[in-house]
1. Against the definition (charged (D, E, K, R), in a helix (DSSP H, G or I) and under 25 Å from GLN76 (Cβ atoms)), how does ARG199 come out, yes or no?
2. Working only within segment 113-143, note down all residues that are of a type outside the set (A, V, I, L, M, F, W, C) and farther than 23 Å from ASP11 by Cα.
3. What residue, among those in segment 196-219 that are of a type outside the set (Lys, Arg) and closer than 12 Å to VAL173 by Cβ, is surrounded by the fewest Cβ atoms within 10 Å (Cβ to Cβ)?
4. Can you tell me which residue within segment 144-195, out of those that are among the charged types (D, E, K, R) and in a helix (DSSP H, G or I), is surrounded by the most Cβ atoms within 10 Å (Cβ to Cβ)?
5. Only residues that are in contact with an Asp or Glu (Cβ under 9 Å, 6 or more places away or on another chain), free of Cβ contacts under 8 Å to residues at least 24 places away in the same chain and either surrounded by 14 or more Cβ atoms within 10 Å (Cβ to Cβ) or outside any loop (DSSP other than H, G, I, E, B) (or both): list them for segment 133-143, please.
6. Would you confirm, using the coordinates I've provided, whether LEU98 is over 17 Å from LEU15 (Cα atoms) and either outside any strand (DSSP E or B) or in contact with a Leu (Cβ under 7 Å, 6 or more places away or on another chain) (or both)?
7. Identify all residues within segment 41-67 that are among the acidic types (Asp, Glu) and modelled with pLDDT under 95; write none if there are none.
8. For segment 101-132, give me the residue count where each residue is in a loop (DSSP other than H, G, I, E, B) and either surrounded by 13 or more Cβ atoms within 10 Å (Cβ to Cβ) or in contact with a Ser or Thr (Cβ under 9 Å, 6 or more places away or on another chain) (or both).
Amino acid sequence: MTAELSTVNNDLVILHREAHGHLKLNRAAPDFGFARDSVTVALTVAELPAACAEYPCVMARQPDGALSLLAVTGLQAGHNLFVAADGAWQGQYLPATLATWPFRLVRESDDGRFLVAVRPEALNPSVGDPLFNAEGQELPWLLERLRQLTETDAGMGATTAQLAQLDAAGVLVDRSLQVILPDGRDLELHGFMTVDEARLQGLPADTVHALHTSGALTLAYLHLLSLRQFRQLVARSGELAKQAALQEAQQLAALNGQAGPLAQAESVTAPATKTT
């Protein structure tokens, strides 16, 4: 079985106070269900120190030739391991492209200006925080979200530039990864790139200095450090599969009027937890 690493792609509309002034966003319980089918999330280089401790971080070449930095969040196409059934994000670190959702910056084709866009399905008329005040002005929380959008967009530009440096230095290589899932299935991941450590160490001193000065060298080593998180993804996949199987057994047992495995285990262990 093979899986191509791909990113989230959703329909957006331009945010407008007249069209969206009566709507709200439920910030208290954000729904990341839109990312359920995606196995990667775009990152900026500034996020790597936090992201590399939880996600494998790899590179991918886009159709226009530019390179992107991606956090890998799943091993099988259509199965993001960090989105819960209720849409909650279960990772410790929430990437900026998700933290700023459902808003995005989009470039207007006529003059190149950036406009704020929103995914309309994320808004509703009754639950959450309004976007605008009675005068039609952005509320402080929305202004902060827009500031984060601008910061993230600038970070993407810096990330693309550093990845281009690594690419020009000849240290990025296409990779595929063979993974054996806990249930014994064999899976191949492809469509991503990594730094070849031997090539990186063999670079001439002036190239290394240039990469160090720009920050691209730090990017390369944090990326290499993150690759060990593939093991954690495999373990997480197995644990979630066990939980799903247990829930299914509980549901079947309930339909049959029997105690499920979890209930049986609790009945056996309950006396041991009794206090006096």
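1. Details: charged (D, E, K, R): yes; in a helix (DSSP H, G or I): yes; under 25 Å from GLN76 (Cβ atoms): no.
No, not satisfied.
2. Step one: of segment 113-143, the residues of a type outside the set (A, V, I, L, M, F, W, C) are 113, 119-121, 124-126, 128-130, 133, 135-138, 140.
Hits for segment 113-143 are ASN133, GLU135, GLY136, GLN137, PRO140.
3. Kept after step one, since they are of a type outside the set (Lys, Arg), are these residues of segment 196-219: 196-198, 200-219.
Filter once more, keeping what is closer than 12 Å to VAL173 by Cβ: 196-198, 200.
Values: ASP196: 16, GLU197: 13, ALA198: 8, LEU200: 20.
Ranking the qualifying residues of segment 196-219, first place goes to ALA198.
4. Going through segment 144-195, the residues among the charged types (D, E, K, R) turn out to be 144-145, 147, 151, 153, 167, 174-175, 183, 185-186, 188.
From what's left, in a helix (DSSP H, G or I): 144-145, 147, 151, 153, 167.
Values: GLU144: 11, ARG145: 20, ARG147: 11, GLU151: 14, ASP153: 16, ASP167: 17.
Ranking the candidates gives ARG145 first.
5. Pass one, segment 133-143, residues in contact with an Asp or Glu (Cβ under 9 Å, 6 or more places away or on another chain): 136, 139, 141-142.
Now restrict to residues that are free of Cβ contacts under 8 Å to residues at least 24 places away in the same chain: 139, 142.
The one that is in contact with an Asp or Glu (Cβ under 9 Å, 6 or more places away or on another chain), free of Cβ contacts under 8 Å to residues at least 24 places away in the same chain and either surrounded by 14 or more Cβ atoms within 10 Å (Cβ to Cβ) or outside any loop (DSSP other than H, G, I, E, B) (or both): LEU142.
6. Working: over 17 Å from LEU15 (Cα atoms): yes; either outside any strand (DSSP E or B) or in contact with a Leu (Cβ under 7 Å, 6 or more places away or on another chain) (or both): yes.
For LEU98, the condition - over 17 Å from LEU15 (Cα atoms) and either outside any strand (DSSP E or B) or in contact with a Leu (Cβ under 7 Å, 6 or more places away or on another chain) (or both) - is met.
7. The initial filter retains those residues of segment 41-67 that are among the acidic types (Asp, Glu), namely 47, 54, 64.
Passing the criteria: only ASP64.
8. In the first step, residues of segment 101-132 are kept if they are in a loop (DSSP other than H, G, I, E, B); the result is 101-102, 108-113, 119, 125-128, 131.
From the residues that got through so far, the ones that are either surrounded by 13 or more Cβ atoms within 10 Å (Cβ to Cβ) or in contact with a Ser or Thr (Cβ under 9 Å, 6 or more places away or on another chain) (or both) too are 101-102, 119, 128, 131.
Selection size over segment 101-132: 5.
The values are calculated or read from the model by the stated rules, or taken from the named source; none is laboratory data. From a predicted model like this one, the values you see are computed outputs, not experimental measurements. When we count neighbours, we look across all protein chains shown, and the Cβ atoms used for this are built from the backbone with ideal geometry, even at glycine.
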